[in-house]
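J.: Okay, handing you the structure first.
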Amino acid sequence: MKTRNLIYLSLLIPVFCSCNNKEGQKEGQNACATEQQTTVHRMNDYDLTDSVTMGSHLFVYNIHREADDSLKVVVDENGDKFIDNYYDLTIHRDGTNFFRRRFTKLSFGSQLDETFRINGILDGFRFMSAKEGKLTFGVCVSFPESDMSEPFVLTIGPDGSFTLEPDTAPDIEEEDTSV
């Protein structure tokens, strides 16, 4: 019987102490408020450096992604918030600077419909090909954590000029014919 009373007493003492502790109440209230705040999602930083030979030239390219707090936050239909990204593309040709540019979703703004301008983030950038004197990269603006996307093709000419166009060619996976 004494053990049971000691257990009840040991459980009640912290309750009585916390009721009289104004600082403890504030801390508890702040902890609850913190749990109710929504999380802002951000993609991890990304760096890829690779090279490709085209003709007699060696092109070394670096694709760098970072979530950018200065860009507008995107809120999805569930109320989840996402930080948009920028991509820096740097290309050296035979060891000298050839191309350098930062891309954000606004770089594609005139080619995006309103839904993607408001609800999309820049979340994909990859090398595609080097042929006929041009370097081609695939770029994508997507709804966060979804399959809804607007793909683009970035083409860099031999003089360092570039074009951004919607990617109208569907991705076709090659069938494995080896059996």
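The values are calculated or read from the model by the stated rules, or taken from the named source; none is laboratory data. Here the structure is a predicted model, which means the values were calculated and not measured. Heads up, the Cβs are rebuilt from the backbone with ideal geometry, glycines too, and the neighbour counts pull from every protein chain shown.
J.: How about region 78-110: which of its residues are surrounded by fewer than 14 Cβ atoms within 10 Å (Cβ to Cβ) and either at pLDDT below 95 or outside any strand (DSSP E or B) (or both)? Before you say what the answer is, go through the steps one by one.
T.: Going through region 78-110, the residues surrounded by fewer than 14 Cβ atoms within 10 Å (Cβ to Cβ) turn out to be 78-79, 94-97, 100, 102, 109-110.
Correct list: Asn78, Gly79, Asp94, Gly95, Gly109, Ser110.
J.: Which condition from (1) without any contact (Cβ under 8 Å) to a residue 60 or more places away in the chain; (2) more than 19 Å from Met148 (Cα to Cα); (3) touching a strand residue (DSSP E or B) at 6+ places or on another chain (Cβ under 7 Å) is the one that Thr104 breaks?
T.: It is condition (2) that Thr104 fails.
So that you can scan it fast, the table gives a plain yes or no per residue for (1) modelled with pLDDT of 95 or more; (2) among the charged types (D, E, K, R); (3) in a helix (DSSP H, G or I):
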| position | (1), (2), (3) |
| --- | --- |
| Thr115 | no, no, yes |
| Gly124 | no, no, no |
| Phe152 | yes, no, no |
| Ala169 | no, no, no |
| Glu174 | no, yes, no |
| Thr177 | no, no, no |
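J.: Right, next: Could you list, in sequence order, the residues of region 35-74 that are in a strand (DSSP E or B), closer than 19 Å to Arg101 by Cα and within 12 Å of the chain's Cα centre (by Cα)?
T.: Tyr46, His64, Arg65, Glu66, Ala67
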